[in-house]
Every structure is written in structure tokens, then in C-alpha cells.
Amino acid sequence: PEAWVDEQIRRMRAACYQAVRDLAAAQPDLIVAVGAGSSTRSYPGSAAGSLRAFGVPFATGTGEPVLPLSLTIGCWLIRRCMADGHWRVELDEIAQSTAPADCLAAGARLASRAPRVALLVMGDGSARKALGVPGAADPAAEGYDVLVAAALTAGDVDGLAGLDPALSGEFLVAGRAAWQVLAGAAAGVAWRAQLRYAGAPLDVGYLVASWAR
């Protein structure tokens, strides 16, 4: 029902806002937004993104829109919830096809960029939950998202590091590479983790979690 979808989106949006506010509360030296895309590259914190390709008249940042969808949403969250502008922000796109070992190495490099680095990791779960989205529904897709939710809930670095790229591709998961960058950055630390939201109001798995030392 439409009312249920609206309520789920409201809850998911509120969870995202709180997760980003938690990043600010940690007073990091550097915030890095990480999101999957078609290539691997870095952007300045002021870079622009747009949703016009999706039929939404929305843009964020300055200059020509260059950001992938994941970082467009990530930047919007940062700019909305951390509006005073004094934060040092960097943006990193990771190609969805990147091998797990390379994702882990990229995460380790990100974690060493400053004494206190906060990551905003953007990635969707499976898009094979229902007809009407790219790819037919697959009942096993729900199990994949449950596995990811369990890892995010437990602060389980190994669980994220072990995600299978082939299976992730089969289930049309956009977040696998970004989650494995998180695993590389978070290795060797015990985390206090909280799963703030898990659902699929638009027939795509969405998960919102916060990890803190």
C-alpha cells in the first residue's frame, strides 16, 4: 500500500539523517563518502551530482554533475545534515566490478588518510526482490540481504569481506564493493554497531547502519 511505502521511506530517511549526524558527533578529521559506480576515482568534496537522469529535478554540489548516484545521495546527506561547511570531505567512487582484495586494500588506504577518518558508505542491497525491477524476483535475494544486515548489525568485518562478487552480481547488488571498502578500513578494530533500518519499500534492499569505536 502507498501509505506503507511512504512510512518506510520516511523511516529510512530519518535513519540516514541520524547516521550522518553521528559522523559529525565523532568529530573526525576527515569524512570520506564511498560509493559504487562504473569506475574507480576520487572527487573533491564540492563535486556535483544530479538525479536528472532519473527524472528528478535535483542537483547538489558545484559545477558540472559528475558524481555517480551513490555519491550524489551521499553528498546530499552530508550537505543536509552537516550544513555548517567546516568539514573536510573527500569523495571516492569504487567500481562495482572491483575484486574484494582490491576493495579491502582501498579501504585500508582510506583509513590512513587522517588520524580520525569517518566513512559514509553508500550501497544498495539486492534489486531482485520483486517483478517490476531489473531482473526477475529471486527468493534467495532475501537471504543475501539478511546476511549483509547481520554483518552490519554485528560490526562483522569478515562477513562483509567475504561477500561473493559473482553472487552479488546475480542478485543485482550495488553495494558489495563499497561494503568491502568499509571492511578494509575497519579491519582490526572492535566496533559498536547498530542497524538503524532494513527494508525494501521500493523492491530494492536498503540498509542503514552505524559503526563506532
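Just one of the numbered conditions (1) open to solvent by 60 Å² or more (accessible area, probe 1.4 Å); (2) basic (Lys, Arg); (3) at pLDDT below 95 is not true of residue 109; which one?
For residue 109, the failing item is (3).
Go through 102, 92 for me and flag whichever is modelled with pLDDT of 95 or more, more than 15 Å from the chain's Cα centre (by Cα) and surrounded by 15 or more Cβ atoms within 10 Å (Cβ to Cβ). Lay out the reasoning, then the answer.
Details: 92 fails: more than 15 Å from the chain's Cα centre (by Cα).
One residue alone meets the criteria, 102.
Looking for something of a type in the set (Gly, Ala, Ser), in a helix (DSSP H, G or I) and at pLDDT below 95 - is there at least one such residue anywhere in segment 63-82?
Within segment 63-82, the first condition is being of a type in the set (Gly, Ala, Ser), and the residues that meet it are 63, 70, 74.
Those left that are additionally in a helix (DSSP H, G or I): 70, 74.
Pick out the ones that are also at pLDDT below 95 and you get none.
No.
Being in contact with a helix residue (DSSP H, G or I) (Cβ under 8 Å, 6 or more places away or on another chain) and within 23 Å of residue 18 (Cα to Cα): is that true of residue 116 here?
no
Answer with yes or no whether residue 161 is over 21 Å from residue 21 (Cβ atoms) and open to solvent by 20 Å² or more (accessible area, probe 1.4 Å).
Numbers: over 21 Å from residue 21 (Cβ atoms): yes; open to solvent by 20 Å² or more (accessible area, probe 1.4 Å): yes.
When the stated conditions are applied, residue 161 passes them.
Based on this model, can you work out whether residue 29 counts as in contact with a Lys or Arg (Cβ under 8 Å, 6 or more places away or on another chain) and charged (D, E, K, R)? It would help to see each step written out before you state the result.
On the way: in contact with a Lys or Arg (Cβ under 8 Å, 6 or more places away or on another chain): yes; charged (D, E, K, R): yes.
Spelling it out, residue 29 is indeed in contact with a Lys or Arg (Cβ under 8 Å, 6 or more places away or on another chain) and charged (D, E, K, R).
Which count do you get for residues in segment 24-60 that are open to solvent by 40 Å² or more (accessible area, probe 1.4 Å) and out of contact with any Ser or Thr (no Cβ under 6 Å at 6 or more places or on another chain)?
Within segment 24-60, the subset open to solvent by 40 Å² or more (accessible area, probe 1.4 Å) is 25-27, 29, 38-42, 44, 46, 52-59.
So of that shortlist, the ones also out of contact with any Ser or Thr (no Cβ under 6 Å at 6 or more places or on another chain) come out as 25-27, 29, 38-42, 44, 52-58.
Going through segment 24-60 one residue at a time, the tally reaches 17.
The values are calculated or read from the model by the stated rules, or taken from the named source; none is laboratory data. Note that the coordinates shown come from a computational prediction; the quantities given were computed from them, not determined experimentally. In this analysis, Cβ positions are derived from the backbone assuming ideal geometry, glycine residues included, and neighbour counts consider all displayed protein chains. We work out accessible area using only protein heavy atoms, side chains counted, and drop any ligands, DNA or RNA first. Shrake-Rupley method; radii C 1.70, N 1.55, O 1.52, S 1.80 Å.
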